[in-house]
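Comments concern the structure below.
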Amino acid sequence: MTCRELFERLSEYVDGELSQEMCEEIRKHMDECDPCVNFANTLKTTAELCRRLPSQPIPPEVAAGLRAFLSEHLPKSL
Amino acid sequence: MTDEQALIAASQNGDAAALEALVRTHQDRVYGFAVRMCRNVEDAKDILQETFLGVIRSIRDFREESKFSTWLYRIASNACLKKRRRGVHDPTPEKELSLDALMPRPDSEGRKPEIADWSDNAERALLRGELSARMEAAIDKLPKDCKIVLVLRDVEGLSAEETAQAVGLSVAAVKSRLHRARVFVRRELAEYLGAEQSWRRESTSRRLDHSL
């Protein structure tokens, strides 16, 4: 396996979506290639950091506006 | 039957209170997604309204074949993409993300690029509260078709299959877009954290297919 071939599969690798054989090949390559190990680690970190990004909760006035909008459009439903 | 399943069943039978409860349960999720996709509160409000109007109008068509949240993301994603197509809000360049251009390259003497593991630096920057804005800025630079996949998959936490359902793509297409988006965001983080001085950006002089 070349660095290029590994590079193409890295997201699937860090997500645990590859076959056991493919994982073995990747690990074999990584035993000999520090840049690929570090790239894989930091790609995994990137995905994990995304998961920890805070999301904005709905402001109360927007929630109230939503309710008014829905009741205005569907007076019989809400 | 879970509480949510009971609310869905009641909503499908025209129970307005149940519908309102469903809206309340999911309004934060949809608003957060819409704000991140649009980066604009007014557009996010439109998406929010359009999404829940869609829910109310189509709740009878919802089948338990997918999770309710996935179905909701599908309606919200359609609203986001439709907004883009209308050209109402489109700050992101729609150029293709090329994996070739994103791949680290050897230097002029053919030495492998120095790639550091900056995971610990990132953790410290996150704790100092300075990383989130950088990450959001990096995600904003993505073309919309890649951005929506990364947001659904990595930020909102949907599986590849759920993301594919939400955006109407094959799982393979989702994985391809996700990988390119992640590699792009990773590169932005690496540059910010100052970890990869030897990075060869946008190098087109050399097509590399044998080594990093």
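What the Cβ-Cβ distance of B:S98 and A:K28 gives, at R0 = 30 Å and to the nearest 0.05, is a FRET efficiency of 0.60.
The B:L81 and B:T25 beta-carbon pair, evaluated with R₀ = 30 Å, returns a calculated FRET efficiency of approximately 0.80. Counting only residues at least eight positions apart within a chain, or on another chain, the lysines with an alpha carbon under 17 Å from that of B:K83 are B:K45, B:K144, B:K147. Note on B:K67: aspartates and glutamates with a C-alpha under 19 Å away, same-chain residues under 8 apart excluded, are B:D3, B:E4, B:E20, B:D28, B:D154, B:E156, B:E161, B:E162. Dividing the radius of gyration of the alpha carbons in the protein assembly as shown by their Kirkwood radius gives 1.03 for Rg/Rh. How high is the FRET efficiency between B:E65 and A:Q20 when r is their beta carbon distance and R₀ equals 25 Å, given to the nearest 0.05? E between B:E65 and A:Q20, to the nearest 0.05, is 0.25. Against chain A, whose longest principal axis comes from its Cα atoms, helix A:20-32 is set at around 60 degrees.
Between B:N13 and A:E8, the modelled label-to-label distance comes to 5.4 nm, taking each label 7 Å out from Cα in the direction of the beta carbon. Gain on full extension, evaluated as 0.36 nm per residue between B:S58 and B:N40 minus their Cα-Cα distance, stands at 3.8 nm. Per residue, the convex hull spanned by the Cα atoms of the stretch B:99-192 measures out at 112 cubic angstrom. Distance from the Cα centroid of the stretch B:66-81 to that of the stretch A:1-64 is 24 Å (rounded to whole angstrom).
Helix A:3-14 and the longest principal axis of the C-alpha atoms of chain A enclose an angle of approximately 40°.
Looking at the stretch B:1-78, the GluC sites (Glu not before Pro) that sit in a DSSP loop and have at most 10 other Cβ atoms within 10 Å of their own Cβ are B:E64, B:E65. Loop-resident GluC sites (Glu not before Pro) (DSSP state other than H, G, I, E or B) in the stretch B:99-189 with no more than 13 further Cβ atoms inside 10 Å of their Cβ: B:E109, B:E130. What is the stretch B:96-154 by shape, rounded, prolate or oblate, if you read a ≥ b ≥ c off the alpha carbon gyration tensor as root eigenvalues and call it rounded for a/c under 1.5, prolate for a/b larger than b/c, and oblate otherwise? Oblate.
Read-outs throughout are calculated quantities, based only on the coordinates presented, and are distinct from any laboratory measurement. All values reported here derive from a predicted model rather than from experimental measurement. Cβ coordinates were reconstructed from backbone atoms using ideal geometry, including for glycine residues, and neighbour counts include every protein chain displayed.
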